[in-house]
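The next block holds one structure in the form of structure tokens; read it before the comments.
The values are calculated or read from the model by the stated rules, or taken from the named source; none is laboratory data. Note that the coordinates shown come from a computational prediction; the quantities given were computed from them, not determined experimentally. Neighbour counts run over all protein chains shown; Cβ positions are idealised from the backbone, glycine included. Quick note on the areas: whole protein, heavy atoms, side chains included, nothing else; ligands and nucleic acids left out. Shrake-Rupley method; radii C 1.70, N 1.55, O 1.52, S 1.80 Å.
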Amino acid sequence: MFTLYHSYWSRATRMLALIHELDIRDKVELVHVDLKRQDGSGAFDPRNPHPDHKVPALVHDGVTITESSAIMIYLCDLFPEAGVGVPLDHPDRGPYLAWLVYAVSVMEPVYNHHAAGLDHPILRATFRGVPEVEKRLIDTFADGRDYLLGDRFTAADLMVQSVYSWMREWAPKDDKVLAWIERVAARPSFAWAGEVDAKYAPAMA
């Protein structure tokens, strides 16, 4: 049995979409936990097994797995029949892993620095900047492909696209990239994840 600890409107939303894509909703217990949020609301939840009180956190047979890319790789490898991951012996395995890690180790820091108005040569040298991120995506979709790895959707699309779920206005102004963002967002898994979030999110005035 799996237990996924999540919180509404957070990085755990993409994990909800993943378990839908993997068709394992009946195998995963969902536990909503509170978070200390940037606006000062919320608080650390003692039920959350994540050592930094973040989400997502996945517990499988007593073992806790944290960090979005690790959880995605772990679950996709456990459920290869869903076709959302890429097998170890497939030539796309390397690019698939690269995109999963790039989303959290480059894209998220770059856009967080941009949101905070931070700029420094060390940050640019380490993480690159918004122009480099945009160019990488624009170049990837320049050949007309539907998804990051070609003609089929993978967890890499879910992960990379999720960055723009919260920062849509900063998406590259490129028709092919924007079409990909909308294509991924239109999947039933995103609608279901949104429904789960809505159950716990505060009512909007």
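Normalised by the residues of the stretch 63-205, what does the relative contact order come to in percent, with Cα pairs under 8 Å and at least six apart? Value for the stretch 63-205: 22 percent. Ignoring any ligand, DNA or RNA, what whole percent of the accessible area of the stretch 31-120 comes from carbon and sulfur when the probe is 1.4 angstrom? Whole-percent figure for carbon plus sulfur exposure: 57. Only loop residues by DSSP count here, and only those with at most 16 other Cβ atoms within 10 Å; note down the trypsin sites (Lys or Arg not before Pro) in the stretch 18-118 that meet that. In loop regions of the stretch 18-118 (DSSP not H, G, I, E or B), the sparsely surrounded trypsin sites (Lys or Arg not before Pro) are LYS36, ARG37, ARG47.
Of the two radii for the chain, the radius of gyration is 0.95 times the Kirkwood radius, both from the alpha carbons; that is the Rg over Rh value. When the chain is treated as a Gaussian network with alpha carbon springs shorter than 10 Å, the biggest mean-square fluctuation among ASP139, ASP39, ASP175 belongs to ASP39. Evaluating kT/(6 pi eta Rh) at 20 °C and 1.002 mPa s, with the Kirkwood radius of the stretch 82-194 over Cα pairs in the Stokes-Einstein relation, gives 145 µm² s⁻¹.
Extension gain, GLU132 to SER41, is 29.4 nm, computed as 0.36 nm per intervening residue step minus the present C-alpha separation. Placing a pseudo-label 7 Å from each Cα along the Cα-to-Cβ vector at ASP139 and ALA179 gives an inter-label distance of 2.1 nm. In terms of packing, defined here as the mean over residues of other Cβ atoms within 10 angstrom, the peptides 116-125, 184-193 line up highest first as 184-193, 116-125.
Projecting the Cα positions of ALA57, LEU97, ILE122 onto the charge dipole of the chain (unit charges on Cβ atoms of Lys, Arg, Asp and Glu, taken about the Cα centre) puts ILE122 furthest along the positive direction. Rounded to the nearest Hz, the phi-derived 3J(HN,Hα) couplings of the stretch 76-84 under the Karplus curve 6.51 cos²θ - 1.76 cosθ + 1.60 (θ = phi - 60°) are 5, 6, 6, 10, x, 5, 6, x, 8, where x marks glycine and proline.
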